[in-house]
Amino acid sequence: MSVIPGLEDVAIKYTSLTSIDGQKGILRYRGYDIKDLAYNAEYEEIVHLMFYGELPRHDELERTKKNIAEGYKVPDFVIQVIRTLSSDSDAVAMMETAFGAMATTEKNFAWSKEKDKEIALRIVGSTARVVAEIYRRKRDMPPSTIHEKSGNYSESFLNMCFGNINEKEKIDAMNKALILYVDHEVPASTTAALVASSTLSDMYSSITAALAALKGPLHGGAAEAAYNQFLQIGSPNNVEEWFKKNVMEGKKRLMGFGHRVYKTYDPRMLIFKEIAKKSISDEEGKKLLTVAEKLEELGVKQFSSKGIYPNTDFYSGLVFRYIGFPVDMFTALFALARVTGWLAHIMEYVEDQHRLIRPRAIYTGPERREYVPIEKR
Ligand code: SDX
């Protein structure tokens with residue numbers, strides 16, 4: 001036995017879902033390149049691809065959309081639970097609470113190849129309603145409603161958040177952002193979901209475990225942390241000074257940079273950057289984008305020799321802001337997309353290669369010793 005710090009380069013499962021080449025900066029879902037999927041597919045096509053292994057035909061896509069939409073009807077008590085939380089609560093912690101509440105309805109959950117995918121599709125839909133409800137609760141807006149006429153998942157989700165949205169560019173940007181965040185092999189959050197589901201716990205509880213891991217600033221929390229750096233810097237003229245004081249002298253980590261697997265540009269970051277440059281037109285947005293580009297340039301100059309490059313979270317916040325979301329929702333939006341990846345991995349694991357995940361620890365404490373009564377201590 002030996003301890004592998006952070007389980008670096010330790011494989012926990014086999015997968016046919018997602019492949020990453022960290023040296024070349026390649027990411028594929030079921031063999032399809034992330035750029036091809038982001039620029040051509042609808043999010044629901046990717047959900048079908050991840051759950052069933054193939055891109056759907058028309059009839060299959062319609063059935064997948066219908067099953068997902070079933071999930072929009074979240075039980076009223078879950079909406080009420082979200083509404084009891086204070087509006088300044090952390091959005092991902094609110095998601096954990098909502099998923100914990102939904103887990104209370106799973107009294108006799110049993111994994112089964114026949115039923116799992118249908119339940120998973122509903123959970124994909126429920127997540128959209130939960131995140132929309134959290135967005136509205138945090139803004140003291142009335143509860144979300146389901147807009148029957150909505151076309152696809154992105155439009156339905158944005159309608160649940162903002163009311164009727166008809167800006168096609170924003171729906172398209174949301175669709176791309178969801179696809180980019182769907183899955184990434186087995187990061188900390190997916191590993192947490194695998195551990196929970198390996199005990200045959202239910203799907204909602206496994207997602208709750210994943211949310212708890214995603215929340216941290218070293219993982220999904222970086223989407224908010226990276227954007228907050230741009231706000232803190234404020235203007236392009238301050239970038240050099242900020243970088244020198246905080247990163248060089250202050251030894252603070254540059255958030256949105258570095259990755260356990262990628263040792264070159266994260267392909268998702270390049271796509272998020274393209275979307276941001278094409279979509280952002282307001283003055284404040286353009287200013288923040290210039291700040292980000294200058295920070296990227298300094299970061300790459302300083303860290304690329306160590307294989308540290310910008311990752312998916314560096315520009316994603318600028319795209320979420322363009323769509324209309326505040327920074328306190330960015331990690332929840334990451335989680336919204338990643339629920340599909342988490343579900344795909346736990347179904348793949350439990351159905352095809354199930355084994356209870358139970359590592360060991362190497363003992364370094366004292367050898368056997370006799371009990372000493374308190375009077376003699
Ligand atoms: C995501 O795993 C996934 O796939 C995750 C994800 C997904 O889609 O699920 O891709 C999403 O979480 C992306 C990562 C978002 N996190 C951040 O942007 C936070 C900042 N990044 C770092 O904290 C760090 O790069 C990690 C956590 C992402 C990876 O860290 P590792 O592999 O554990 O590397 P490490 O912390 O051991 O660092 C190695 C060296 C250290 O220097 P030394 O102590 O050896 O001198 O690199 C340095 C670190 O100080 N380093 C950085 C840095 N990241 C690493 N220095 C400055 N800024 C950084 N961002």
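Here are a few things to note about the model shown:
- Filter result for LEU295 (within 12 Å of the ligand (Cβ to nearest atom), over 21 Å from LYS24 (Cβ atoms) and surrounded by 16 or more Cβ atoms within 10 Å (Cβ to Cβ)): yes
- Within region 96-117, the set of residues being part of a helix (DSSP H, G or I) and at pLDDT 95 or above comprises GLU96, THR97, ALA98, PHE99, GLY100, ALA101, MET102, ALA103, ASP116, LYS117.
- Of the numbered criteria (1) surrounded by 19 or more Cβ atoms within 10 Å (Cβ to Cβ); (2) over 27 Å from ALA192 (Cα atoms); (3) of a type outside the set (Gly, Ala, Ser), the one VAL92 fails is (2).
- Per-region count, region 12-39, residues touching a residue at least 40 places away in the same chain (Cβ under 8 Å) and over 22 Å from THR64 (Cβ atoms): 12
- Test: residue in region 40-49 that is touching a residue at least 60 places away in the same chain (Cβ under 8 Å), exposed (fewer than 13 other Cβ atoms within 10 Å of the Cβ) and not hydrophobic (A, V, I, L, M, F, W, C): no
- Filtered residues of region 157-209 (kept if in contact with a Leu (Cβ under 7 Å, 6 or more places away or on another chain), assigned to a loop (DSSP other than H, G, I, E, B) and more than 12 Å from the ligand (Cβ to nearest atom)): ILE165, THR199
- Residues being surrounded by 16 or more Cβ atoms within 10 Å (Cβ to Cβ) and more than 8 Å from the ligand (Cβ to nearest atom) - total across region 247-263: 1
- Condition met for SER150 (of a type in the set (S, T, N, Q), farther than 19 Å from ILE207 by Cβ and touching a residue at least 24 places away in the same chain (Cβ under 8 Å)): no
- Pair list, Cβ < 9 Å and 6+ apart or interchain, from region 70-97 residues that are touching a residue at least 40 places away in the same chain (Cβ under 8 Å) and of a type in the set (S, T, N, Q) to residues that are crowded, with 17+ Cβ neighbours inside 10 Å and in a helix (DSSP H, G or I): SER87/ARG137; SER87/LYS138; SER89/THR97; SER89/ILE134; SER89/ARG137; SER89/LYS138
- Restricting region 264-288 to residues that are more than 16 Å from the ligand (Cβ to nearest atom) and in contact with a Lys or Arg (Cβ under 7 Å, 6 or more places away or on another chain), the residue that is farthest from LEU178 (Cα to Cα): GLY285
- Helices (runs of 4 or more DSSP H) completely within region 210-326 that count 1 or more residues being modelled with pLDDT of 95 or more and under 21 Å from HIS184 (Cα atoms): 222-233, 267-279, 313-323
- Among the conditions (1) more than 11 Å from the ligand (Cβ to nearest atom); (2) surrounded by fewer than 22 Cβ atoms within 10 Å (Cβ to Cβ), ILE308 misses just one, which is (1).
- Residue match in region 221-232 (condition: surrounded by 23 or more Cβ atoms within 10 Å (Cβ to Cβ), within 15 Å of the ligand (Cβ to nearest atom) and within 18 Å of ASP183 (Cα to Cα)): yes
- Selection from region 311-347 of residues that are near the ligand (Cβ under 10 Å from one of its atoms) and either over 16 Å from the mean Cα position of the chain (by Cα) or surrounded by fewer than 17 Cβ atoms within 10 Å (Cβ to Cβ) (or both): none
The values are calculated or read from the model by the stated rules, or taken from the named source; none is laboratory data. Since the model is a prediction, treat every value here as computed from it, not as a measurement. Cβ: placed from backbone, ideal geometry, glycine included. Neighbour counts: every protein chain shown.
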